[in-house]
Structures are given as C-alpha cells and as structure tokens.
Amino acid sequence: MQALKYLVGYPEPVQERVRALIEQGRLDQMLAQKYPDRHAVRSDGQLYEYVQELKDRHLRQSPPLGKVVYDSKLQVLKHALGTHTTVSRVQGSRLKVSREIRIAALFKDAAPEFLQMIVVHELAHMRESDHNKAFYQLCTHMAPEYHQWEFDLRLYLTQRELGVQDRAHKP
Ligand SMILES: [Zn+2]
C-alpha cells in the first residue's frame, strides 16, 4: 500500500479514496478542474504587499511584518507548511519584535487559493504559535474555506511529487 506522507493523520477511508483517485489517474484532473487559476504574486515585493494587505484586513493589532520572501530551499512538510520566526532585536531602549514569513517557492506556481491558505496559516502564527483550536479559528476567520484548502493543498503536494516521479522514470 502506498504511503501518503502529506495525508498522515487523516482517517484511513480518506486516504483510501485518495489512493483510488491516484490509481485511476484522476487526482491531477480533479485538482486542475477545482483550482484552474494561477495568481500573479511573483516577486518577493508582490508577496510582501499581498501578505500586508491580508494582515491589515484581519490582524491589525499584531506586530508589524518583518521580511516576507519566497524561499526555494523550504521543504513544505518538514516546516509544517511554512515557517514563522520571531526575530527580536534591541532598537534603542525598546525591544522590537518583527515577524519574518517565508513561503515555499512552489507556491509561486500554485492556485491563488493555496497561496492564500499558506499566508493565512503563517499570519495566524503571529497570534498563536501552536496548531491549536484558537489557531484554526483564526485561519477560518481569515479564510472560511481554510480546512478544505489545506486538505486540497495536501492532495496537490501529493500529486506534484507523483508527477516528478513519473517524469523521472520515463526514458
Ligand atoms: Zn504552522
């Protein structure tokens, strides 16, 4: 049985359905139909503006954003779908806390829903460091379809890796 590393923790019947979709070669098509669009947030500068705009709308009270970048070295799963670090430094007499957000570079070519989902995830970490109930409430406040998008992102990552393997095996 094929291990689905992006779906670890999901109920077995769910994984079963995904395996069936893969075996029938339908996962790719299903995702393409559901998420046909691509966003235009290409550069780090555009990403910064995009994150800032979402933050202004939902998290005005949180500390200002620090650096916001696409990171091609970031492994999505290892870093639990993104990274969020608190950088504290002393500026004059007061401690300034800024937030750095790194988004895995693969999101450049992903559907707008997936980019929004990962940005919402990282922004929610400005308030909650753990993946607890309050964290997911913040996520769904910023993106009501958050849970569906995160699940579908996991499917997208699964499909993406299968695609890479397929190409590598072709002569
Ligand atoms: Zn997280």
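The values are calculated or read from the model by the stated rules, or taken from the named source; none is laboratory data. These numbers come from a predicted model, not from an experiment. No Cβ is skipped: glycine too gets one built from the backbone with ideal geometry, and neighbour counts run over all protein chains shown. Note: areas computed on protein heavy atoms with side chains; ligands, DNA, RNA excluded. Shrake-Rupley method; radii C 1.70, N 1.55, O 1.52, S 1.80 Å.
Quick look at the values:
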read-out: Residue within the range 112-132 that is without any contact (Cβ under 8 Å) to a residue 24 or more places away in the chain, within 12 Å of the ligand (Cβ to nearest atom) and charged (D, E, K, R) present; value: yes
read-out: Residue that is assigned to a loop (DSSP other than H, G, I, E, B) and either at pLDDT 90 or above or open to solvent by less than 30 Å² (accessible area, probe 1.4 Å) (or both), where the choices are LEU155, LEU115, LEU74; value: LEU74
read-out: Qualifying residue in the range 77-94 (condition: in a strand (DSSP E or B), of a type in the set (A, V, I, L, M, F, W, C), more than 19 Å from ARG38 (Cβ to Cβ) and at pLDDT 55 or above); value: no
read-out: Residue check for LEU59: at pLDDT 85 or above, among the hydrophobic types (A, V, I, L, M, F, W, C) and either open to solvent by 50 Å² or more (accessible area, probe 1.4 Å) or within 16 Å of the ligand (Cβ to nearest atom) (or both); value: yes
read-out: Residue in the range 16-35 that is without any contact (Cβ under 8 Å) to a residue 60 or more places away in the chain and within 19 Å of the chain's Cα centre (by Cα) present; value: yes
read-out: Failed criterion for GLU53 (all others in (1) closer than 23 Å to VAL8 by Cβ; (2) away from the ligand (no atom under 12 Å from the Cβ); (3) modelled with pLDDT of 90 or more hold); value: (1)
